[in-house]
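Engineer: Pasting a structure here, questions to come.
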Amino acid sequence: MMAHFYVAPQRNQDFLLAVNMADWLEKGHLAFFVIDVVARLDTTALHARHPNDGAGRPAYDPDMMLALVLYAYANGVRSSRRIEATCRTDAAYRVISGALVPDHSTIARFVVDHQGAMEGLFVSGLRLCHAAGLVDLSVLALDGTKLGSDSALDRNRDAEWIRARIGELMAETVASETTVATDTPLFDVAGAGGLATAKGRRAVLEAALAVIEADDAQAAAAVAAKTALQAKEAEAGRKVPGRKPQDPAAALERARVDRAAALQASEQRAARRAQRVAAAEEAGHKLGGRPPGPDLALAAADAALAAAEAAAGSAPPPPRRPVNITDPESRIMKTKDGWVQGFNAQALVTKDQIVVAASVTQDANDVGQFIPMLARLSATLAAARVDDPVELILADAGYWSDANATAEGPERLIATIKDWKQRTAAREAGTTTGEPPEDASPLESMEHRLRTAEGAAAYAQRSFMVEPVFGDHKHNRGQRRFRRRGLAAANAEWHLMNLTGNMRKLFEHTKAPAATPA
């Protein structure tokens with residue numbers, strides 16, 4: 001049996017009234033919210049690029065373009081071609097753009113041209129969240145996540161390969177300059193750094209080589225400073241503390257310093273005994289006691305130096321420092337799923353999962369980011385005119401160091417070992433109460449605080465504060481890698497990602513029903 005009547009589409013029906021695009025979406029739609037948010041953001045930097053002199057073709061309204069990009073990022077759409085396509089087919093995009101369809105290249109250039117304004121827009125968005133009461137600074141969680149760059153792991157090369165390739169490209173450049181060109185290329189790959197020409201490819205490789213040379217110079221300076229400090233300790237007859245280096249060359253240098261320290265200490269002891277012998281002879285009596293035997297410390301240092309020399313002589317050459325020739329500013333990062341070519345994205349997050357400070361670094365380790373992120377937090381809050389005090393900062397074991405635990409700033413709880421090991425150790429050692437002992441080291445003091453009931457309860461908040469923010473970026477919106485190359489571009493996009501994340505939280509907050517008084 002078939003139904004007697006269907007509700008069929010009347011595709012040829014003329015509209016009797018003029019169409020209002022605002023009627024295409026229900027009230028309270030995210031698109032309307034984005035438009036309202038952009039109207040309240042400080043977009044002065046976006047308009048400064050377009051002087052009001054009437055020259056040239058009129059540009060698209062930067063506020064409209066920003067609203068389009070924000071709405072797209074909020075829904076996991078980052079491709080400029082997809083944004084252009086949805087401006088033709090998606091009602092929400094058409095409402096935001098007013099039925100205009102910016103070309104995908106225009107959208108891409110907008111993001112590139114206003115890269116420097118993204119941090120300011122993030123701060124402006126944070127100010128809106130604070131006005132809505134969403135910026136609770138009583139507890140903040142700090143963490144980092146690895147995001148890939150627009151480059152591949154297999155494009156890493158060492159300095160020797162790059163220099164050889166630069167030589168080949170220089171020869172190609174000279175040959176092309178002395179040969180009359182018969183064919184004119186149809187286009188130049190300007191967006192890829194001029195890779196269509198040998199000269200452009202050589203410039204890219206020279207930039208990659210400069211990164212290797214700068215890293216080598218920095219590493220050499222650090223080694224020289226450390227060696228000078230060790231030599232100063234050796235002159236005073238003091239052995240260098242700490243674990244022996246694993247690198248054979250560094251271990252050999254350490255053995256030489258230790259041997260010099262042992263020799264200096266032996267000579268100082270011999271000089272003191274000689275002074276005592278001379279004083280005894282002047283007094284007319286013989287110095288008592290058994291004469292000293294062989295210096296065992298010096299003999300041990302000689303043996304260690306000989307072993308280090310033998311190990312250094314038979315050791316294979318150190319691995320060459322690689323750099324990615326596609327994105328020289330990116331680095332190889334270790335993740336739980338393997339290796340990724342990209343950057344380390346840092347974020348400080350509130351209980352309501354509002355990001356209050358963000359940054360992107362080339363350093364794969366988190367330990368060196370704690371103090372810089374405190375400084376960035378202070379600068380961001382000051383720019384957003386948020387003067388509420390930060391009471392506590394939570395961080396996992398990746399940020400642990402004595403320096404981070406004792407640096408100036410808010411109170412902090414930093415895990416000293418991985419979270420699951422921390423919980424196991426707390427169960428085995430039991431809970432504590434009160435303040436740490438006065439003579440406790442920074443490590444002992446932190447472990448004591450984490451084993452108190454208050455410290456354990458406070459630290460337990462860390463994972464559900466910051467991890468969902470990263471999960472929203474990577475899994476909900478598919479933002480697992482940056483779309484553009486370079487540290488500055490990655491930092492700008494990271495602020496754009498977190499601006500849209502904060503905007504979504506603000507949207508959910510405005511839609512939540514108000515609590516009725518009891």
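The values are calculated or read from the model by the stated rules, or taken from the named source; none is laboratory data. Note that the coordinates shown come from a computational prediction; the quantities given were computed from them, not determined experimentally. No Cβ is skipped: glycine too gets one built from the backbone with ideal geometry, and neighbour counts run over all protein chains shown. Quick note on the areas: whole protein, heavy atoms, side chains included, nothing else; ligands and nucleic acids left out. Shrake-Rupley method; radii C 1.70, N 1.55, O 1.52, S 1.80 Å.
Engineer: Can you name the number of the only condition in (1) outside any helix (DSSP H, G or I); (2) open to solvent by 60 Å² or more (accessible area, probe 1.4 Å); (3) modelled with pLDDT under 75 that residue 285 fails?
Structural biologist: Going through (1) outside any helix (DSSP H, G or I); (2) open to solvent by 60 Å² or more (accessible area, probe 1.4 Å); (3) modelled with pLDDT under 75 one by one, residue 285 breaks only (3).
Engineer: Identify all residues within the range 327-368 that are more than 16 Å from residue 472 (Cβ to Cβ) and part of a loop (DSSP other than H, G, I, E, B); write none if there are none.
Structural biologist: Across the range 327-368, the qualifying residues are 327, 328, 329, 330, 336, 337, 362, 363, 364, 365, 366.
Engineer: Can you name every residue in the range 462-485 that is within 18 Å of residue 356 (Cβ to Cβ) and hydrophobic (A, V, I, L, M, F, W, C)?
Structural biologist: Listed by number, the residues that qualify are 464, 465, 466, 469, 470.
Engineer: Please state which one of 59, 108, 92 is in a helix (DSSP H, G or I) and either of a type in the set (Val, Ile, Thr) or open to solvent by 10 Å² or more (accessible area, probe 1.4 Å) (or both).
Structural biologist: One residue alone meets the criteria, 108.
Rundown of residues vs (1) modelled with pLDDT of 95 or more; (2) open to solvent by less than 30 Å² (accessible area, probe 1.4 Å); (3) of a type in the set (Gly, Ala, Ser), yes/no style:
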position: 427; (1), (2), (3): no, no, no
position: 430; (1), (2), (3): no, yes, yes
position: 433; (1), (2), (3): no, no, no
position: 443; (1), (2), (3): no, no, no
position: 450; (1), (2), (3): no, yes, no
position: 453; (1), (2), (3): no, no, yes
position: 464; (1), (2), (3): no, no, no
position: 475; (1), (2), (3): no, no, no
position: 484; (1), (2), (3): no, no, no
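Engineer: When only residues in the range 371-397 that are small (Gly, Ala, Ser) and over 19 Å from residue 128 (Cα atoms) count, which is farthest from the chain's Cα centre (by Cα)?
Structural biologist: 397
Engineer: Closer than 23 Å to residue 492 by Cβ, open to solvent by less than 40 Å² (accessible area, probe 1.4 Å) and free of Cβ contacts under 8 Å to residues at least 40 places away in the same chain: which single residue out of 169, 121, 68 fits that description?
Structural biologist: 68
Engineer: In the range 8-45, which residues are in contact (Cβ under 8 Å) with a residue 40 or more places away in the chain, at negative phi and part of a loop (DSSP other than H, G, I, E, B)?
Structural biologist: Correct list: 25, 29, 41, 42, 43.
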